[in-house]
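One structure below.
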Amino acid sequence: KSELRAESFSRRFPPVHRDVIGSSGRTGVMDEDAREDKSMSTSAQPTFSRRSIARVTTDRPARYGKQLAGHMGRKITTMWDEDAETGSLTFDREGAVTGVVGISCHDGVLQLVLETDDEHLERLEHVVGIHLARFGAKDGLIVSWNRQDGMSGTTQGPLAPEDLERMRAEWEARKTSS
């Protein structure tokens with residue numbers, strides 16, 4: 001059985017860039033053509049004071065990990081390594097990095113390790129968790145975060161069909177008002 005460890009994120013995942021599919025066809029890997037199209041920095045990730053971990057039980061951890069990275073890559077920097085079944089989400093939509101989530105797949109478990117600061121902890125738990133709970137609604141996915149200090153974090157899911165419909169209506173309302 002795979003060992004679940006919450007080792008330092010920076011040691012497990014290299015710096016990442018906005019999700020790009022270059023001529024190599026691999027998500028998150030930038031080839032020379034893609035580098036010319038986007039100016040990027042490979043500076044080190046900031047150090048964060050808080051960590052929260054979610055271990056989501058599922059028969060399909062790689063499917064959900066890839067889907068989460070692919071979907072979130074529309075707005076933030078993501079990486080997914082198909083072979084290693086690992087990835088990351090770097091919350092940099094506003095410019096500065098506010099948090100990083102390491103994604104790893106194990107036997108029957110999708111592990112998410114969020115590193116951020118106090119100001120962004122609850123919101124980023126919710127953003128990542130609600131997306132995953134929505135993707136896995138038919139499978140009844142539950143994302144429960146546990147913080148490094150031993151306290152429980154937020155929980156998302158399981159979502160019922162009426163929850164999904166309400167969320168869809170709220171999204172449509174936001175879309176039309178902007």
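The values are calculated or read from the model by the stated rules, or taken from the named source; none is laboratory data. This one's a predicted model, so the numbers in the text were calculated from it and none came from an experiment. Every residue, glycine among them, receives a Cβ derived from its backbone with ideal geometry; neighbour counts consider all protein chains shown. For accessibility, only protein heavy atoms count, side chains too; no ligands or nucleic acids. Shrake-Rupley method; radii C 1.70, N 1.55, O 1.52, S 1.80 Å.
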Any idea which residue in region 100-121 is most open to solvent (accessible area, probe 1.4 Å), counting only those that are assigned to a helix (DSSP H, G or I) and touching a residue at least 24 places away in the same chain (Cβ under 8 Å)?
D118
The correct count of residues that are at pLDDT 95 or above and either surrounded by 13 or more Cβ atoms within 10 Å (Cβ to Cβ) or assigned to a helix (DSSP H, G or I) (or both) in region 21-56 is 8
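For (1) acidic (D, E); (2) farther than 15 Å from A54 by Cβ; (3) under 16 Å from the mean Cα position of the chain (by Cα), each residue gets a yes or a no:
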| position | (1), (2), (3) |
| --- | --- |
| D92 | yes, yes, yes |
| L112 | no, no, yes |
| L141 | no, no, yes |
| D163 | yes, yes, no |
Answer with yes or no whether L124 is surrounded by 20 or more Cβ atoms within 10 Å (Cβ to Cβ) and in a helix (DSSP H, G or I).
yes
Being aliphatic (A, V, I, L, M), in contact with a strand residue (DSSP E or B) (Cβ under 9 Å, 6 or more places away or on another chain), within 18 Å of T47 (Cα to Cα) and part of a strand (DSSP E or B), is that true of even one residue in region 85-93?
yes
Which listed residue, of A137, A133, is open to solvent by 10 Å² or more (accessible area, probe 1.4 Å) and among the small types (G, A, S):
A137
Considering only region 112-126, I want to know if a residue exists there that is aliphatic (A, V, I, L, M) and more than 20 Å from I76 (Cβ to Cβ).
no
With the first residue restricted to region 139-158 and required to be under 13 Å from L124 (Cα atoms) and touching a residue at least 60 places away in the same chain (Cβ under 8 Å), and the second required to be part of a loop (DSSP other than H, G, I, E, B) and open to solvent by less than 50 Å² (accessible area, probe 1.4 Å), Cβ contacts under 8 Å at 6 or more apart or on different chains are V143/G157
